[in-house]
Amino acid sequence: MSGNKSTEKSTALVKSAFREYYFKYAMLLEIPEHIDQREFGYMPFGSGMIRHLSFRNRGDILATLIQVVPADVYCSNAYYRFPTYPMQEKQWLGADLIFDIDAKDLHLPCELGHSYFICARCSEVSSAKSEICESCKSTTLNQTSIPCDKCIFALKKEVKRLITVLTTDLGIEEKSVSVYFSGNNGFHVVVSDKSFNPLDSIARSDVVSYLAGTNIMTESIGVRKSRDHSGNDFLIKFPKSGLSYGWRKVIADKLAIDQSSVVKLSHIVLRDGGYEGFKSELSKMAKTLGVRIDPQVSMDVHRIFRMPGTINSKSGLVKMKCNDFESFDPLYDSCLLGGREGEVKMKVSSQINFKLKGESFRLKEKILKLPLFAAVYLICKGLAEATD
Ligand SMILES: [Zn+2]
Ligand SMILES: [Zn+2]
């Protein structure tokens, strides 16, 4: 971003709204278990990440938040003997298992309709997808998205699918699973079952593969690669342990087969073009039926995650625990900045429609007054600036 007066004014506005939030909502800050074994980090406005920090208690964290007012605040999911040491010397003791479900991984049809492309050089905004800035011809454009109700619905549906698999297939108790709104365009699902803490990156990757349905073997559903008496390149032999659980059940239900469907499954495999054809159909099917999580996030055991109760500077919304997930509305419940009082004069870069805190905004004019929460939201999204 250019260091012009509007940008400075916008940053000052956002920073003061964030500071007020940390004063008012200190109790929302969720202090992690084993705080002394966690690595903390934060990103100040306008500069790079500061990592490898340690805090002793809530007061310690709050003092920093109010003094520094960072744009973003993070905490490790890992526990370390020496959290402030360089990574190789920290001595890893374990980590919570975290899944990230983000709208970008769901490839929703509504996405492009509420995406904006912002030039990194001149801040020009376009609502049409483009490779080049109309104004300055720069080719560095950042995409930003204003999630709609359909996005939220799809995200919540995916979270529910994940929880179902975690509890039914992996035997995790529902009370050990917590859901957090990420503060922008997704949810984090945290498993606080101690037996998962020691899992290394490879074991976590196996868990992710299972959830996503990658590498499902045709044998598990009863299709083996072999010549049969009629010259086909496959044999149907259902597994002894049955088709009634996990992925076997999901696929069997989808194909409408059971342990007695030898002839029906043969026909399906022949229709797909034999063993290899069926194998590729099966992997496509599993991909659509699997849970769409970001694999990198769950596999990385040294990551620092946005801390619950802190504000996400990509939106001005709060990352928070969804105590009643069914009724949780991210665009209402997580919007906790300012109030109706004190409107702010803004310069908006594009025609934008959005819903926030129960209000619908349809912005057509370039210069207008907005309530603080909406103003901060648009600044964080890169779509508006504070003006005189
Ligand atoms: Zn430009
Ligand atoms: Zn949408």
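Points to keep in mind about this one:
- Principal axis dimensions, largest first and in whole angstrom, of the stretch 262-373 by Cα: 71, 38, 27
- If R0 is taken as 41 Å, the Cβ-Cβ distance between Lys129 and Lys240 corresponds to a FRET efficiency of 0.20.
- With 0.36 nm allotted per residue and the present C-alpha distance subtracted, the Thr168-Ser138 stretch has 5.8 nm of extension available.
- Surface/4 estimate of mean projected area, convex hull on alpha-carbon atoms of the stretch 312-385, nm²: 4.9 nm²
- Sorted fewest first by neighbouring Cβ atoms within 10 angstrom, Ser135, Ser266 come out as Ser135, Ser266.
- Relative contact order (%) - criterion: Cα under 8 Å, at least six apart; region: the stretch 9-68: 33 percent
- Cβ-isolated cysteines (cut-off 4.7 Å), the chain: Cys75, Cys110, Cys148, Cys151, Cys322, Cys335, Cys380
- Here, the stretch 218-289 is characterised by an Rg to Rh ratio of 0.93, where Rg is the alpha-carbon radius of gyration and Rh the Kirkwood radius.
- Directionally averaged projected area (convex hull, Cα atoms, the chain), nm²: 23.0 nm²
- Summed over qualifying helices (DSSP H, 4 residues or more, each -39500 (n - 2.57)) and divided by its residue number, the chain shows a 222 nm mean residue ellipticity of -9500 deg cm²/dmol.
- R0 of 22 Å, Cβ-Cβ distance Lys366-Ala12: FRET efficiency to nearest 0.05: 0.55
- Full-extension gain in nm, Lys150 to Glu359, via 0.36 nm per residue minus C-alpha separation: 73.6 nm
- Percent RCO, i.e. relative contact order, over the stretch 172-324, from Cα pairs under 8 Å lying at least 6 residues apart: 34 percent
- Applying 1/(1 + (r/R0)^6) with R0 = 25 Å to the Cβ-Cβ distance of Lys347 and Lys104 gives a FRET efficiency near 0.35.
- With one equal scatterer per alpha carbon and no solvent term, the Debye-computed log10 I(q)/I(0) for the stretch 174-264 at 0.19, 0.21 1/Å reads -0.99, -1.08.
- Charge dipole magnitude, Cβ of K and R +1, D and E -1 - the chain, Cα centre, debye nearest 20: 460 debye
Read the figures in this text as sums done on the coordinates, not as results from a lab. These figures come from a predicted structure and were not determined experimentally. When we count neighbours, we look across all protein chains shown, and the Cβ atoms used for this are built from the backbone with ideal geometry, even at glycine.
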